[in-house]
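Please read the structure below before turning to the comments.
The values are calculated or read from the model by the stated rules, or taken from the named source; none is laboratory data. Fair warning: this is a prediction, and the values are worked out from it, not measured in the lab. Using ideal geometry, Cβ is built from the backbone for each residue, glycine included, and neighbour counts are taken over all protein chains shown.
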Amino acid sequence: MSRPDVRLIVATHKAYAMPEDDMYVPLHVGAALHDEDPGFLRDDAGDNISTLNPSFCELTGLYWAWKHLDADYLGMVHYRRYFALEKPHTGKNLLAHVLQHDELAPLLSEYSVFVPSKRHYMIESLYSHYKHTHYAEQLDLVRTILEERYPDYLNSYDKIVNKKSGYMFNMMILRRDLFDEYCTWVFDVLFTLKDRLPPEMEQLTGFQGRFYGRISEIIFNVWLDHQLASGRIGKSEVRELPVLYIERTNWIRKGGAFLAAKFLGRKYKRSF
């Protein structure tokens with residue numbers, strides 16, 4: 001049996017230590033907008049949306065992978081976040097614990113979709129969390145677009161946004177045909193959203209300007225739920241994997257910002 005070909009882009013905007021396993025493809029996202037060259041592949045080669053990186057975030061890398069990589073399985077991770085079979089309890093060399101091809105390969109005959117362990121918001125739904133930290137009008141317009149272009153996805157949308165957990169981070173590993181189907185769908189939705197948003201939304205900058213990437217985190221769950229509900233993907237074909245953080249999260253600062261957003265109406269201004 002031949003070795004299954006897997007390519008996972010590692011979205012990064014700067015030079016950073018990368019896994020040595022050759023299934024990882026370090027990719028400089030937003031390369032068209034930066035003078036510095038970290039020495040990785042660039043997302044501004046060929047068919048690309050690299051200049052949209054300030055608002056589309058790592059999705060400019062996902063688009064590039066969709067258009068330029070050929071493999072049995074395709075996916076995306078981040079320079080600070082990876083999949084792992086098990087999260088290490090201690091140790092400084094965390095990159096040594098990221099998912100390896102030899103660990104993933106035996107699972108490919110059983111699973112067609114790999115997703116990060118669910119993130120739980122406890123006292124918030126996905127919609128209310130987005131409403132408190134960003135701008136709900138963006139998600140509301142997504143629903144309108146689905147109603148017009150993909151009405152069979154509406155049940156999944158309404159169910160997902162009212163859940164208190166979801167697969168976040170725009171991390172996934174998908175069988176190639178599913179990867180193509182997802183990218184075709186998500187970029188159609190997001191490009192339509194871009195065409196319809198009022199000018200004041202398109203003029204958002206900095207942290208709040210990166211909303212297309214955040215919307216895609218939520219609607220990936222919508223897409224997957226619809227595939228499961230329709231029988232396109234079986235529940236037994238989906239495997240959750242732990243997320244390995246290469247850098248520490250400041251949970252005190254993040255928790256304080258979360259509470260300030262929910263109870264004081266203060267939108268997020270930075271990542272954590």
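Summary of values
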{"quantity": "Residue among E137, E181, E110, E148 that is surrounded by 15 or more Cβ atoms within 10 Å (Cβ to Cβ), out of contact with any Leu (no Cβ under 6 Å at 6 or more places or on another chain) and modelled with pLDDT of 95 or more", "calculated": "E181"}
{"quantity": "Identity of the residue in region 66-79, charged (D, E, K, R) and over 19 Å from F220 (Cβ atoms), that ends up surrounded by the most Cβ atoms within 10 Å (Cβ to Cβ)", "calculated": "D72"}
{"quantity": "Residues satisfying the stated conditions in region 42-65, i.e. touching a Phe, Trp or Tyr at 6+ places or on another chain (Cβ under 9 Å) and surrounded by fewer than 18 Cβ atoms within 10 Å (Cβ to Cβ)", "calculated": "A45, G46, D47"}
{"quantity": "Any hit, region 84-94, residues being in a helix (DSSP H, G or I), at pLDDT below 95, hydrophobic (A, V, I, L, M, F, W, C) and farther than 24 Å from T184 by Cβ", "calculated": "yes"}
{"quantity": "Matching residues, region 1-19, being in a loop (DSSP other than H, G, I, E, B) and either touching a residue at least 24 places away in the same chain (Cβ under 8 Å) or under 24 Å from T51 (Cβ atoms) (or both)", "calculated": "R3, P4, D5, H13, K14, A15, Y16, A17, M18, P19"}
{"quantity": "Positions within region 85-107 being surrounded by fewer than 19 Cβ atoms within 10 Å (Cβ to Cβ) and among the hydrophobic types (A, V, I, L, M, F, W, C), in sequence order", "calculated": "L85, L94, L95, A96, A105, L107"}
{"quantity": "Residues that are surrounded by 10 or more Cβ atoms within 10 Å (Cβ to Cβ) and within 20 Å of the chain's Cα centre (by Cα), drawn from region 193-210", "calculated": "L193, K194, F207, Q208, G209, R210"}
{"quantity": "Residue that is modelled with the lowest pLDDT, among those in region 250-272 that are surrounded by 13 or more Cβ atoms within 10 Å (Cβ to Cβ) and in a loop (DSSP other than H, G, I, E, B)", "calculated": "F272"}
{"quantity": "Set F207, F179, F169: member being closer than 25 Å to P54 by Cα, touching a strand residue (DSSP E or B) at 6+ places or on another chain (Cβ under 8 Å), of a type outside the set (D, E) and part of a helix (DSSP H, G or I)", "calculated": "F179"}
{"quantity": "Index of the failed condition, K118 passing every other in (1) farther than 30 Å from R7 by Cα; (2) surrounded by fewer than 17 Cβ atoms within 10 Å (Cβ to Cβ); (3) in contact (Cβ under 8 Å) with a residue 60 or more places away in the chain; (4) among the charged types (D, E, K, R)", "calculated": "(1)"}
{"quantity": "Failed item in (1) more than 23 Å from I49 (Cβ to Cβ); (2) among the polar types (S, T, N, Q); (3) touching a Phe, Trp or Tyr at 6+ places or on another chain (Cβ under 6 Å), with Q138 passing the rest", "calculated": "(1)"}
{"quantity": "Checklist (1) modelled with pLDDT under 55; (2) surrounded by 12 or more Cβ atoms within 10 Å (Cβ to Cβ) applied to A229, failing item", "calculated": "(1)"}
{"quantity": "Positions within region 172-192 being over 19 Å from C57 (Cα atoms), more than 13 Å from the chain's Cα centre (by Cα) and not basic (K, R), in sequence order", "calculated": "D177, L178, D180, E181"}
{"quantity": "Unique match (being in contact (Cβ under 8 Å) with a residue 40 or more places away in the chain, in contact with a helix residue (DSSP H, G or I) (Cβ under 7 Å, 6 or more places away or on another chain) and not hydrophobic (A, V, I, L, M, F, W, C)) among T192, T205", "calculated": "T192"}
{"quantity": "Subset tally (residues that are surrounded by 18 or more Cβ atoms within 10 Å (Cβ to Cβ) and in a loop (DSSP other than H, G, I, E, B)) for region 24-37", "calculated": "2"}
